[in-house]
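Peer 1: Mind looking over this structure? Questions follow.
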Amino acid sequence: MYEGVVQDLIDELGRLPGIGPKSAQRIAFHLLSADPDDVDRLARALSEVKDKVRFCTVCGNVAEAEQCRICLDPRRDPALLCVVEEAKDVVAIERTREFRGRYHVLGGSISPIEGIGPDDLRVKELMTRLSDGAITEIIIATDPNLEGEATATYLARLLKPMGLQLSRLASGLPVGGDLEYADEVTLGRAFEGRRLIEA
């Protein structure tokens, strides 16, 4: 335990996701020895992100204006919607350069253990977006874990009666991986998602 503001800084850093006590201590001492201008830039960036960044009123992605750049892009296919859990998932999909539709960010996933149900997510907003009939295809891109699967199943049951084309991102073996190291669930998904080889 350190005294005063040093311990306060370590405690605050330790509250960040993925930062344990040792990492928090390392970061705190790095900041103590860093150039004051670097620390000021970091403090300004933290302050600005809280002041300027909001969530897109259409899709829930991060934005600095009322709508995000993806929702404002006229080149995007308005009939194709990819439903993701978090805004960081949008960035991951955008990096592939494979998807040219629009997004809907749920703001999390269904997790009964953490007390998160469908009403805690942006499901009502999704249903509102679907009401005008402009969207004809939905890709559910939730995480391939227990919560993501529960969310995908819930959405599929909710959306199926609407007559939309529904799909779920495939999951399975990573490129460059070895079969012997794959767990049963991953290997099972790879079998389920197998595809024909075109000659």
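Peer 1: Go over the candidates Gly177, Gly133, Gly193, Gly188 one by one and state the one that is surrounded by 10 or more Cβ atoms within 10 Å (Cβ to Cβ) and either under 28 Å from Asp73 (Cβ atoms) or in contact with a Lys or Arg (Cβ under 8 Å, 6 or more places away or on another chain) (or both).
Peer 2: Gly133 is the lone residue from the list that is surrounded by 10 or more Cβ atoms within 10 Å (Cβ to Cβ) and either under 28 Å from Asp73 (Cβ atoms) or in contact with a Lys or Arg (Cβ under 8 Å, 6 or more places away or on another chain) (or both).
Peer 1: A follow-up question, please. So which residues in segment 21-60 are farther than 30 Å from Ala134 by Cα and touching a helix residue (DSSP H, G or I) at 6+ places or on another chain (Cβ under 7 Å)?
Peer 2: Within segment 21-60, Pro21, Ala24, Gln25, Ile27, Ala28, Leu31, Val39 meet the criteria.
Peer 1: Could you please find all residues in segment 63-85 being under 20 Å from Leu130 (Cβ atoms) and among the small types (Gly, Ala, Ser)?
Peer 2: Matches in segment 63-85: Ala79 only.
Peer 1: Moving on. For segment 120-139, which residues satisfy the criterion of being under 11 Å from Leu106 (Cα atoms) and either free of Cβ contacts under 8 Å to residues at least 60 places away in the same chain or not assigned by TED's automatic domain parsing to the domain that holds Tyr103 (or both)?
Peer 2: Passing the criteria: Asp120, Leu121, Val123, Lys124, Leu126.
Peer 1: If a residue has to be under 13 Å from Leu155 (Cβ atoms) and modelled with pLDDT under 95 to count, how many in segment 78-116 make the cut?
Peer 2: Final tally of qualifying residues: 0.
Peer 1: Oh, and also: Hey, among the residues in segment 66-123 that are touching a strand residue (DSSP E or B) at 6+ places or on another chain (Cβ under 6 Å) and among the charged types (D, E, K, R), which one's nearest to Glu149 (Cα to Cα)?
Peer 2: Selected residue: Arg102.
Peer 1: How about segment 2-49: which of its residues are over 25 Å from Lys88 (Cβ atoms), more than 29 Å from the chain's Cα centre (by Cα) and not acidic (Asp, Glu)?
Peer 2: Answer for segment 2-49, where residues must be over 25 Å from Lys88 (Cβ atoms), more than 29 Å from the chain's Cα centre (by Cα) and not acidic (Asp, Glu): Tyr2, Gly4, Val5, Val6, Gln7, Phe29, Leu32, Ser33, Ala34, Pro36.
Peer 1: Here's something else I'd like to know. Examine segment 75-83 for a residue that is free of Cβ contacts under 8 Å to residues at least 12 places away in the same chain and more than 15 Å from the chain's Cα centre (by Cα), and state whether such a residue exists.
Peer 2: Taking every residue of segment 75-83 in turn, none turns out to be free of Cβ contacts under 8 Å to residues at least 12 places away in the same chain and more than 15 Å from the chain's Cα centre (by Cα).
Peer 1: Next question. Is there a residue being in a loop (DSSP other than H, G, I, E, B), modelled with pLDDT under 80 and small (Gly, Ala, Ser) anywhere in segment 155-168? Show your work before the answer.
Peer 2: Let us first name the residues in segment 155-168 that are in a loop (DSSP other than H, G, I, E, B), namely 163-164.
Applying the additional criterion that residues be modelled with pLDDT under 80 yields none.
No, every residue in segment 155-168 fails to be in a loop (DSSP other than H, G, I, E, B), modelled with pLDDT under 80 and small (Gly, Ala, Ser).
The values are calculated or read from the model by the stated rules, or taken from the named source; none is laboratory data. Given the structure is predicted, the values throughout are model-derived calculations rather than measurements. Heads up, the Cβs are rebuilt from the backbone with ideal geometry, glycines too, and the neighbour counts pull from every protein chain shown.
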